[in-house]
Amino acid sequence: MDDKDERLASYEREIRRLNQLVEVSLAINSTLDLRPLLRAIMDYAAGIADAESASVMLLDRTTGQLRFVASTTASRGAGKLLDIHVPLEGSLAGAVLLENREIVLDDVSTDPRHFRQADQQSGFVTRSLIGVPMRYRDDVIGVLEAVNKRAGPWTADDRHNLLILASQAAVAISNAQMIDQLKKAYHELDQLDKLKNDFIAIASHELRTPLSVIVGYATFLKEDTTGTAGKHAEAVLNSALRMRSLIEDMTNLRYLKQGETDLRRARVPLADLFTLARSDVERLAGAKGHTLRVHQPEPSLVVTVDRDRMVMALTNVLNNAIKFMRGGGQITLSYQLQPGAVWIVVEDTGIGIPRAQLERIFEEFLQVEDHMTRQHGGLGLGLAIARALVEAHGGRIWAESDGPDRGSRFTISLPLPAGEDHKPG
Ligand code: ADP
């Protein structure tokens, strides 16, 4: 072979090697599942270096030791390699990690740092070894080892390829570990959320029965007594009724998890929703001296909704308008036709909402006023429930306000049944 042929052969080898590395890199970066990822890395490591076996060891920061997390030796059932912890001091893998550089040995018996316990436990005999650091950012997170070259000594290519593989692997492993941690944290949050909801559901359910008794007897007392005692009975009754409405809010928490499939949808004239919501809130609005103006839609304007759930969403918004307005305010319930949707609009002349809170008020338990000093009753659930219900219908709800004391406007956008053309009303 002359010089030119040799150069050509070496280029071809290099291209093959690079292609292989690109393939490996794509493969290990296409999964975020830690176990299959580790398995793929060690298989590639063994293949790429033409070795009998390969292992991935990761640094366990709590014990300060390396731990086998994947090994072709262990997967053959040859031993309990995966349980073994390798100390950093006095082991080859430890030296790779601490010194942050590769170790290449064609005969491990010449190196006293060889950690023989792993061989003893797995029944595998290590003759030769390459260990390379797995670097992620400024850290070494573990060590990738290829063991027992099948033919001849380790080559410069083996060392080079394993180094590239190890750094690719370190990124992929770190990402997978982060995803794992996120999943765990999310799961814990989910459990806590469930605990909170279960607690509220049980507590509110248990409070309902004794409260009905209080409301019942306080009503009798109020009717049967006059003078101061009558006033006291009225105060008890009013407080009990307020408590009942709070408990109702709590019971309605379950609608926060309202899924689309839990809805009992039917074609309902928008006018019916307006009539039902109006009759729910009319008395309270009147009692506070507010005027309620309703622009009643044409009976032909129909939406496909779960009637009771949608009335609940609308009532929650209307009740807020009543609540967050000083006596003698005005509430307007109207609608607007939009392409493919109808907007239900609730406007009030009340205390308004600061711009920074316009989106946050839809979060559970969020109230603009401080919890402890607020003058208005409520748990901060009404809008969160309204949003969950509207979104389950494929709709949207949002708030607008020009600021404190300049009133608020809430819009619920509901999709209209496809192909139904409505003329603006
Ligand atoms: P709650 O009414 O029980 O406090 P909501 O979830 O219904 O809970 O509302 C959250 C918060 O949004 C309210 O506490 C109030 O600060 C603000 N808010 C809602 N509606 C209005 C409104 N029409 N005008 C002014 N503020 C409002």
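Suppose we filter the range 138-168 for residues that are in contact (Cβ under 8 Å) with a residue 24 or more places away in the chain and part of a loop (DSSP other than H, G, I, E, B); how many remain?
Of the residues in that region, 4 qualify.
If we keep just the residues of the range 224-248 that are surrounded by 12 or more Cβ atoms within 10 Å (Cβ to Cβ) and among the polar types (S, T, N, Q), which is farthest from Val303 (Cα to Cα)?
Thr225
Within the range 29-42, take every residue that is at pLDDT below 80 and in contact with a helix residue (DSSP H, G or I) (Cβ under 6 Å, 6 or more places away or on another chain) and give me the one that is farthest from Lys183 (Cα to Cα). Talk me through it step by step, then tell me what you get.
Filtering the range 29-42 down to residues at pLDDT below 80 leaves 29-32.
Next, only the ones that are in contact with a helix residue (DSSP H, G or I) (Cβ under 6 Å, 6 or more places away or on another chain) stay: 29, 31-32.
Details: Asn29: 19, Thr31: 15, Leu32: 12 Å.
Only one residue tops the list, namely Asn29.
Criterion first (under 19 Å from Leu366 (Cα atoms) and of a type in the set (Val, Ile, Thr)) does Ile247 satisfy it?
Spelling it out, Ile247 is indeed under 19 Å from Leu366 (Cα atoms) and of a type in the set (Val, Ile, Thr).
Out of (1) among the β-branched types (Val, Ile, Thr); (2) buried (at least 21 other Cβ atoms within 10 Å of the Cβ); (3) over 14 Å from Leu314 (Cβ atoms), what's the single condition that is false for Val390?
Evaluating Val390 over (1) among the β-branched types (Val, Ile, Thr); (2) buried (at least 21 other Cβ atoms within 10 Å of the Cβ); (3) over 14 Å from Leu314 (Cβ atoms) leaves (3) as the failure.
Would you say Lys184 is at pLDDT 90 or above and exposed (fewer than 11 other Cβ atoms within 10 Å of the Cβ)? Walk me through it before giving the result.
On the way: at pLDDT 90 or above: yes; exposed (fewer than 11 other Cβ atoms within 10 Å of the Cβ): yes.
Against the criterion (at pLDDT 90 or above and exposed (fewer than 11 other Cβ atoms within 10 Å of the Cβ)), Lys184 qualifies.
Only residues that are at pLDDT below 90 and surrounded by fewer than 12 Cβ atoms within 10 Å (Cβ to Cβ): list them for the range 249-270, please.
Gly259, Glu260, Thr261
Being near the ligand (Cβ under 9 Å from one of its atoms) and more than 21 Å from the chain's Cα centre (by Cα) is the filter here, so list the residues in the range 382-403 that pass it.
Passing the criteria: Gly382, Ala399, Ser401.
Considering every residue within the range 357-369, establish whether at least one is under 25 Å from Gln258 (Cβ atoms), more than 6 Å from the ligand (Cβ to nearest atom) and of a type in the set (Phe, Trp, Tyr).
Yes, the range 357-369 contains at least one residue that is under 25 Å from Gln258 (Cβ atoms), more than 6 Å from the ligand (Cβ to nearest atom) and of a type in the set (Phe, Trp, Tyr).
Determine, yes or no, whether Gln177 is open to solvent by 60 Å² or more (accessible area, probe 1.4 Å) and touching a Lys or Arg at 6+ places or on another chain (Cβ under 7 Å). Reasoning before the result, please.
Values: open to solvent by 60 Å² or more (accessible area, probe 1.4 Å): yes; touching a Lys or Arg at 6+ places or on another chain (Cβ under 7 Å): no.
No: the conditions fail for Gln177.
A quick yes/no check of all residues on (1) over 26 Å from Arg17 (Cα atoms); (2) outside any helix (DSSP H, G or I); (3) open to solvent by less than 10 Å² (accessible area, probe 1.4 Å):
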position: Ala45; (1), (2), (3): no, no, yes
position: Val56; (1), (2), (3): no, yes, yes
position: Leu98; (1), (2), (3): yes, no, no
position: Gln117; (1), (2), (3): yes, no, no
position: Gly131; (1), (2), (3): no, yes, yes
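Six or more apart or on different chains, Cβ under 9 Å: which pairs go from a residue in the range 179-208 that's without any contact (Cβ under 8 Å) to a residue 60 or more places away in the chain and of a type in the set (Val, Ile, Thr) to one that's assigned to a helix (DSSP H, G or I) and open to solvent by less than 100 Å² (accessible area, probe 1.4 Å)? Could you list them?
From residues that are without any contact (Cβ under 8 Å) to a residue 60 or more places away in the chain and of a type in the set (Val, Ile, Thr), the pairs are Ile200/Met250; Ile200/Thr251; Ile200/Leu253.
Got at least one residue in the range 313-326 being within 15 Å of the ligand (Cβ to nearest atom), among the β-branched types (Val, Ile, Thr), surrounded by 13 or more Cβ atoms within 10 Å (Cβ to Cβ) and over 13 Å from Ser408 (Cα atoms)? Talk me through it step by step, then tell me what you get.
Kept after step one, since they are within 15 Å of the ligand (Cβ to nearest atom), are these residues of the range 313-326: 313-326.
With among the β-branched types (Val, Ile, Thr) added as a condition, the list becomes 315, 317, 322.
Narrowing the set further to residues that are surrounded by 13 or more Cβ atoms within 10 Å (Cβ to Cβ) leaves 315, 317, 322.
Of the ones still in play, those that are also over 13 Å from Ser408 (Cα atoms) are 315.
For the range 313-326, residues within 15 Å of the ligand (Cβ to nearest atom), among the β-branched types (Val, Ile, Thr), surrounded by 13 or more Cβ atoms within 10 Å (Cβ to Cβ) and over 13 Å from Ser408 (Cα atoms): present.
If I filter the range 130-142 for residues that are touching a Lys or Arg at 6+ places or on another chain (Cβ under 7 Å) and not charged (D, E, K, R), do I get at least one hit?
yes
Can you name the condition, by its number, that Glu347 falls short on among (1) within 20 Å of Arg409 (Cα to Cα); (2) under 31 Å from the mean Cα position of the chain (by Cα); (3) within 16 Å of the ligand (Cβ to nearest atom); (4) in contact (Cβ under 8 Å) with a residue 24 or more places away in the chain?
Condition not satisfied by Glu347: (2).
The values are calculated or read from the model by the stated rules, or taken from the named source; none is laboratory data. Everything quoted here is computed from the prediction, not taken from an experiment. Because the Cβ atoms are built from the backbone with ideal geometry, glycine has one as well, and the counts that use them run over all protein chains shown. Keep in mind that these areas ignore ligands, DNA and RNA; they rest on the heavy atoms of the full protein, side chains included. Shrake-Rupley method; radii C 1.70, N 1.55, O 1.52, S 1.80 Å.
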